[in-house]
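Novice: Next up is a structure, given as structure tokens.
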Amino acid sequence: MASDTATKRLDGLKSRAASAGLWVRRTVSSRLAWKIIGANMAALLALLIGMVALTENRRGLVDAKVDSLSAQAEIIANVITETAVSGDMPGPRMDSEGAREVLRRLSQNYVPDESRALIHAPGPSRVADSDLIAGEVEQSDLPPLGETAPDTRTLFERAEEAVAGLFQSAETRAELARTLEDEVKAAFTTGEPQTGPRRGEDGRRIVSVTIPIQLIQATVGTITYESYDFDELVASERRALIPFALAAFIAIMAGALWLTASIARPVRRLADTAREVRLAGGRRVELPDMSRRRDEIGDMGRAFGQMTNALYDRLDAIESFAADVAHEIKNPLTSIRSAAEILPIAKDDEKRARLIQVIQHDVHRLDRLVTDISNASRLDAELAREDLARLDMGKLLKDIASLHRRDPDDPDSAGHPVVQVTLDDEDLKVRGHEGPLSRVFINLVENAITFSPQGGTVSVAARRRGGVNGHVVVTVEDEGPGIPPDNLETIFERFYTQRPEGAAFGSHSGLGLAIARQIVTAHGGRIRAENRRTGSGARFIVELPFAPR
């Protein structure tokens, strides 16, 4: 028992693993899934680029750095002016040795790591360098003769700088293009401090401040104070955003996978089911159940199910219709074949004439049956092709009644039933196809005439029920024997016939009421039958939606 339980558990784990593997493979191969993931990744990429742009344009960080460097450079410049600048003839000048000594003493306290102070005399020529004074000499391989120094930044740093460069202002790009020599010359020329970021020889950004050393109005030198830690400050800010970027990536991926599972997977299931339905050859296929979903995918799933079930119902109806047609056509064909087989051996002229009459009757019956079947099969196509029009039911019913008006000069119409039309409203408009609707009421009136006694009355009435969204109700009554209660719904089935006594056999195909229901249903209405409450006779009630102006 323990072995069986372990085996079942192992099989269950294998089954779940296989299902998970299949889901992963389908997700990887799903174009919709990749579109969802790609759209979410594009949003994340836009967020990251925005972060880079935000840190790149931190002008406040540059200004704070410039203010700090300017304060320290001012201290050094003031000390040099007090101790190493003389105003003797022929003019003010700076003592290079004295300036170098001042920088040596102050560099221990005012020039921290990642910073550098430079003193230039007119020319300009470099007088002192805090790195050299402190004995800190950076060692690096010199480039070959005639070539520039190589860029020491990593590929990632260069890519980051390229992206950041897209968001730099023109002023920032002009500042970065300056060199130390340009900055010093500008300070000597204008006598104004020169501040801002620029690039060093290794490609790194340097925040630099160059302040003129002046006595009265004469510029006798410059002090340049520069910091190399700006890129590190920006990089630290960007590194601080990494956890948030990772959290956003995880959330976006989780959302993308959830969208894939809730959108791409159901769509794939519907596509697989559609292919299975196409290859099933009419066999009913179990459809995905999406009744619980209350979104567009659920609407699509329900619409797909309704469409497929309607297709199945249509196939079943076609199959049933074909079987009924075959059965109804087989009866007259069997009769014709029997009469044709007996006709050559019939010796009596009277029997031969009777057989010929049977053949002719069945041929006419077959012709009528084929015509009605053809009309029934073309009805859906006709209703789909024709445009709806606003029809006056009162005028339509009066025109149909006029076809059955008694002719006083015709003795054969003396006992013909009278068709009376009663209209309870002047506005009896419906929207529909005139030809098919005319066929409905012609069939109902002729059916009522068939069952009415000699000299009877067929009553046709039309009235409005409800307001703008109401219906036009048309009733057709006869004075015949009525309809058996068990057959009030059966009479609308195809090929169902129940004729009065004395009616010729085979004079009706049994499709009239079935066609009438098909037409009325296609117009959004309904038709039903009942027996009259007073007296004998049947009543057919047709309800069609009212068409306001």
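Novice: R0 = 30 Å: FRET efficiency of Arg126 with Leu241, Cβ-based, nearest 0.05?
Specialist: So, using R0 = 30 Å, E works out to roughly 0.15.
Novice: Tell me the relative contact order for region 287-385 as a rounded percent, counting alpha carbon contacts under 8 Å between residues six or more apart.
Specialist: Once normalised by length, the contact order is 20 percent.
Novice: Around Ile75, what is the net charge, scoring Lys/Arg as +1 and Asp/Glu as -1 over all other residues with Cβ under 14 Å from its Cβ?
Specialist: Net local charge, Ile75 excluded: -2.
Novice: Scale the Cα Rg of region 287-385 by the rule-of-thumb value 2.2 N^0.38 Å and send over the ratio, two decimals.
Specialist: So the Cα radius of gyration is 1.89 times the expected 2.2 N^0.38 Å.
We did not get these values from a lab; they are worked out from the coordinates using the rules stated. Remember, it's a predicted structure, so these values are computed and weren't measured experimentally. Neighbour counts are summed over all protein chains in view; Cβ atoms, including those assigned to glycine, are modelled from backbone coordinates with ideal geometry.
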